[in-house]
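Undergrad: Dropping a structure here in structure tokens format, bear with me for questions.
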Amino acid sequence: MAEIIGQISTSHVPAIGGAIAKRLQQDPYWKPLFDGFPPVREWLAKQRPDVAVVVSNDHGLNFFLDKMPTFAIGAAPAYTSADEGWGIPIIEPVPGDQDASWAIIEGAVADEFDVTTCQEMLIDHAITVPLQLLWPDQRAPVRIVPVSINTVQHPVPSPARCLKFGQSIGRAIARWRSDAKVVIVSTGGLSHQLDGERAGFINPEFDALCLDALINDPIRLTQYTAREIVELSGTQGLEILNWITGRGILGGRAHEVVRKYHVPISNTASAVQLLAPN
Ligand code: DHB
Ligand code: FE
């Protein structure tokens, strides 16, 4: 049976991709962000996962405002990135794990989650930037299963629904007949708002509450409505739904191996958190 080895959650600001391309890791603006990742990379080098289930939100590359699945799961043999207009490099295609994808899709649908299955899917900065942060010197040595949550357009799923969706995925992985080691990579957040009157809004107190709750009290986050999260964390801060889904996949009790929080990167409260099962 497949084994879930941990959850890595990280912000996915596109400008990080530009900083990587320009080798600005030691630049004073960027250093505090990049300094969070060596301990995560050391853990990955020891754990050597085979598969990464990447929970993120699409930013218009696959789903525009005219078609917006609440939950979508990739089942492609490989995933290519494309120009989103941010001017960041397009990365090499990333291999998929179709066997894992279908095990997860079948499990989720059997659990009454009516997911959109995507046998073709492009990957945007929400996946390419975290992969580059986690495996900077090489092509990511994992096969991926992208899971896309609508954090973008009303009506969005509730935190409670996302936690349950994650738990369903976790059960499907536990049943999947494979000896693969699976890491969860959840991306986005923490607090940020890119447009409107509150553009630039950041809420470090709420971010700290989220990071603490994700360790062993994700239920605490399900007490908020999505609208309340937008108020507390900004419109794009709602990407915390990806982290909550990821925590549902991890399940059980966990301990925090790495936490790094740095404000701001671009418009975003950036964070990386690594949780491992107890
Ligand atoms: C930024 C953050 C995001 O999560 C995103 O998807 C795009 C831009 C930013 O802070 O610039
Ligand atoms: Fe985003």
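The values are calculated or read from the model by the stated rules, or taken from the named source; none is laboratory data. Keep in mind the model is a prediction, meaning the values are calculated, not measured. Note that each Cβ is placed from the backbone with ideal geometry, even for glycine, and that neighbours are counted across all protein chains shown. Areas reflect the complete protein model, heavy atoms only, side chains present, ligands, DNA and RNA absent. Shrake-Rupley method; radii C 1.70, N 1.55, O 1.52, S 1.80 Å.
Undergrad: Could you work out the mean projected area of the convex hull around the alpha carbons of the chain, in square nanometres to one decimal?
TA: For the chain, averaging the hull's shadow over all directions gives 12.9 nm².
Undergrad: Taking N as the number of residues in the range 221-273, what is its alpha-carbon radius of gyration divided by 2.2 N^0.38 Å?
TA: It is 1.25.
Undergrad: A follow-up question, please. Return the sequence-ordered ³J(HN,Hα) values of the range 60-65 in whole Hz as given by the Karplus equation 6.51 cos²θ - 1.76 cosθ + 1.60 applied to θ = phi - 60°, using x for Gly and Pro.
TA: My calculation for the range 60-65 gives x, 7, 9, 10, 9, 5 Hz in order.
Undergrad: Quick one: pull the percent of accessible area on the range 30-181 belonging to carbon and sulfur, 1.4 Å probe, ligands and nucleic acids left out.
TA: 50 percent
Undergrad: Accessible surface of LEU61 in the full protein assembly, 1.4 angstrom probe, to the nearest 10 Å²?
TA: Solvent-accessible area, nearest 10 Å²: 40 Å².
Undergrad: Need the full-extension length gain, ASP179 to ALA78, defined as separation in residues times 0.36 nm minus the C-alpha distance. One decimal, nm.
TA: 34.3 nm
Undergrad: State in Å² the accessible area per residue of the chain; use a 1.4 Å probe, count heavy atoms of protein chains only, and round to the nearest integer.
TA: Here the residues of the chain average 43 Å² of exposed surface.
Undergrad: I would also like to ask the following. GluC sites (Glu not before Pro) within the range 87-169: which are DSSP loop residues with at most 14 other Cβ atoms inside 10 Å?
TA: Sparse-neighbourhood loop GluC sites (Glu not before Pro): GLU112, GLU120.
Undergrad: Ok, one more. What Kirkwood radius, in Å to one decimal, follows from the Cα pairs of the range 121-278?
TA: Taking every pair of different Cα atoms in the range 121-278, averaging 1/r and inverting gives 16.2 Å.
Undergrad: Another one. Under the Karplus relation 6.51 cos²θ - 1.76 cosθ + 1.60, θ = phi - 60°, what is the ordered set of whole-Hz ³J(HN,Hα) values for the range 127-137, x standing for Gly and Pro?
TA: With the stated coefficients, the range 127-137 comes to 10, 5, 5, x, 4, 5, 5, 7, 10, x, 9 Hz.
Undergrad: Would you mind finding the longest exposed-site-free stretch of the chain, with exposed chymotrypsin sites (Phe, Trp or Tyr not before Pro) meaning DSSP loop and at most 13 other Cβ atoms within 10 Å?
TA: Between the exposed loop sites, the longest stretch runs 65-278.
Undergrad: Another one. Over its Cα atoms, what ratio of radius of gyration to 2.2 N^0.38 Å does the range 52-167 give?
TA: 1.04
Undergrad: Looking at the chain, which longest stretch skips every one of the trypsin sites (Lys or Arg not before Pro) that is in a DSSP loop with at most 14 other Cβ atoms within 10 Å, leaving the sites themselves out?
TA: Looking at the chain, 68-138 is the longest stretch - no exposed trypsin sites (Lys or Arg not before Pro) with at most 14 other Cβ atoms within 10 Å.
Undergrad: When Lys and Arg each count +1 and Asp and Glu each count -1, what net charge do the other residues less than 15 Å away from LEU209, Cβ to Cβ, add up to?
TA: Taking every Cβ under 15 Å from that of LEU209, the sum is -4.
Undergrad: How far is the Cα center of the range 21-49 from the Cα center of the range 224-276, in Å?
TA: 18 Å
Undergrad: Scan around ALA78 for amide H atoms under 5 Å from its own, H built in the peptide plane at 1.01 Å from N, and keep only partners 5 or more places away or cross-chain.
TA: Excluding prolines and chain starts, which carry no amide H, the hits are GLY96.
Undergrad: Applying the Karplus parametrisation 6.51 cos²θ - 1.76 cosθ + 1.60 with θ = phi - 60° to the phi angles of the range 218-231, what ³J(HN,Hα) value in whole Hz is obtained for each residue in order, glycine and proline being reported as x?
TA: Taking θ as phi minus 60°, the curve returns x, 4, 4, 6, 7, 7, 8, 7, 4, 5, 5, 5, 4, 4 Hz for the range 218-231.
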